[in-house]
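The values are calculated or read from the model by the stated rules, or taken from the named source; none is laboratory data. Just so it is clear, the structure is predicted and the values come from calculations on it, not from any experiment. Glycine also receives a Cβ, built like all others from the backbone with ideal geometry; neighbour counts cover every protein chain displayed.
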Amino acid sequence: MKQIQFFDTTLRDGEQTIGVNFSIEDKIRIAKQLVNWGVDVIEAGFPVASKNDFKSVRKIGQEITGCKVTGLARCVKKDIDAVSAALGDTPNGQIHVFIATSPIHREAKLHMTKDEVIETIENCVSYAHQKFEHVEFSPEDATRTEWNFLVKAIRTAIFAGADVINIPDTTGYTNPEEISELFDYLKDNIPEFDEVVFSIHCHNDLGMATANALAAIQHGATRVEGTINGIGERAGNTALEEIATTLMVRKDFYQVETNICLTKTFEIAKMVSQKSKMQIPNNKPITGTNAFSHESGIHQDGFLKNHATYEILTPQSVGVAHSSIPLGKLSGSHAVIVKLEEMGYKIDKETTKDIFIKFKAIADNQPIVSDDDLVQIMNEIQGVASKK
Ligand code: KIV
Ligand code: ZN
């Protein structure tokens, strides 16, 4: 089965989230946990960006074993030198160089012609390759680049020594159909396609980062880049926990393997949430508090009869302790009675109706019926029963 590599950029692209600034100690803790989770590559930072970025990339490169560690560089000599100074002497060190290739970036940002961009790629990738055995090259804003020019840029990077080509959807502009067509086009027009690793790097501006990354995997990408909890620039990056879980739950469809230890997913998500001071939204797939909660009576009844009616994976498979059945105004009597029995009450058929009437009266006026509310209902019912 095809193997998909996980490239985590929580510490680089993830740290580009407004308001997120990990300390070096936290970066080391997150990196260690990422290794436990099973990622293949950690992008530890952008060494030229600041003294602390340099220090943390160097420290992660020195301390982390069990996966590759890479640092980001623009196609600029001093950036490549900074990555080389941080990681060049570490056994797991790699480099990731990028330059924008799309017309808007060439014209408005770089002020470069197509030929100048190609020449820069050639020079900088071969310079990076003198310093590192493994070089990843990214044509930034690839999905808004003319496809024939993208092929030229990628082949230039491959001939200059890049062995990983990353396709960034820098602005979250593309969609699954388009990314599939793009990968098919690259396969058909790059004779060296199978000799290098093709990677996919998506942003979530239109909410399609996970879907786009999965489409690329179906169409030839063997590496996926993203962050934990999907943190990152603007609307964020592909949430790697969503990719890992989808590839497991839908192995029948994707037919690929990964090194991810899925049962450690919740642990890494919680850690990144705490260190980034960004709460995981309640309705976030897989790790949100509602992801394994069942609210309505119909769902609760089905779930209690067979969990698979409303759960496509067990909470334990991603490291969440258990599912929950919060009681509210939409709950049915089945869930209420099961809860009361769990609390130690013995309920007979006759009292069920009275309990449920009292339950509904409370539930109609508040979001959740608590255990204390249930105890109060039972005290009233049992008080009535004992007076009879
Ligand atoms: O989104 C992007 O284009 C990037 C590159 C540096 C790979 O993060
Ligand atoms: Zn990015």
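Take residue 293 and tell me if it is touching a residue at least 24 places away in the same chain (Cβ under 8 Å), within 20 Å of residue 366 (Cα to Cα) and in contact with a Pro (Cβ under 7 Å, 6 or more places away or on another chain). Taking the combined requirement at face value, the residue satisfies it. If you go through the range 157-177 and keep only what is farther than 18 Å from residue 237 by Cα and either surrounded by fewer than 18 Cβ atoms within 10 Å (Cβ to Cβ) or more than 16 Å from ligand 2 (Cβ to nearest atom) (or both), you end up with 157, 158, 159, 160, 161, 162, 163, 177. Quick one: what pairs do we get from the range 127-151, first residue within 10 Å of ligand 1 (Cβ to nearest atom), second of a type in the set (Asp, Glu), C-beta under 8 Å, 6+ apart or different chains? Taking only residues 6 or more apart or on different chains, the pairs are 136/163; 142/169; 143/169; 143/178. When the range 1-27 is filtered for residues that are among the hydrophobic types (A, V, I, L, M, F, W, C) and within 16 Å of ligand 2 (Cβ to nearest atom), the ones remaining, listed by number, are 6, 7, 11, 18, 20.
The lone criterion from (1) under 21 Å from residue 226 (Cα atoms); (2) more than 27 Å from the chain's Cα centre (by Cα) left unmet by residue 160 is number (1). Of 49, 73, all but one fail to be within 16 Å of ligand 1 (Cβ to nearest atom) and in contact with a strand residue (DSSP E or B) (Cβ under 6 Å, 6 or more places away or on another chain); the exception is 73.
Per-residue answers, yes or no, for (1) within 10 Å of ligand 2 (Cβ to nearest atom); (2) surrounded by fewer than 24 Cβ atoms within 10 Å (Cβ to Cβ):
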{"position": "203", "(1), (2)": "yes, no"}
{"position": "207", "(1), (2)": "no, yes"}
{"position": "213", "(1), (2)": "no, no"}
{"position": "216", "(1), (2)": "no, no"}
{"position": "227", "(1), (2)": "yes, no"}
{"position": "240", "(1), (2)": "no, no"}
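Which of the residues belonging to the range 278-328 are within 30 Å of residue 19 (Cα to Cα) and assigned to a helix (DSSP H, G or I)? Correct list: 318 only. So, residue 29, is that one away from ligand 1 (no atom under 16 Å from the Cβ), part of a helix (DSSP H, G or I), in the same structural domain as residue 137 (by TED's automatic domain parsing) and without any contact (Cβ under 8 Å) to a residue 40 or more places away in the chain or not? Answer is no for this residue. Residues in the range 32-46 that are touching a residue at least 60 places away in the same chain (Cβ under 8 Å) and part of a helix (DSSP H, G or I): 33, 34, 36, 37.
Checking 357, 325, 377, 368 one by one, the residue that is in contact (Cβ under 8 Å) with a residue 12 or more places away in the chain and farther than 25 Å from residue 291 by Cα is 377 and no other.
Taken over the range 331-359, the criterion of being within 22 Å of residue 305 (Cβ to Cβ) and charged (D, E, K, R) is satisfied by 339, 341, 342, 346, 348, 349, 353. Checking each residue in the range 157-185 for being part of a helix (DSSP H, G or I) and within 16 Å of ligand 1 (Cβ to nearest atom) picks out 157, 179, 182. Would you confirm whether any residue within the range 2-25 is away from ligand 1 (no atom under 15 Å from the Cβ), of a type in the set (D, E, K, R) and farther than 18 Å from residue 273 by Cβ? Yes, that holds for at least one residue. Looking only at the range 2-13, decide whether some residue is in the same structural domain as residue 133 (by TED's automatic domain parsing) and either at pLDDT below 95 or of a type in the set (Gly, Ala, Ser) (or both). Scanning the range 2-13 turns up no residue that is in the same structural domain as residue 133 (by TED's automatic domain parsing) and either at pLDDT below 95 or of a type in the set (Gly, Ala, Ser) (or both).
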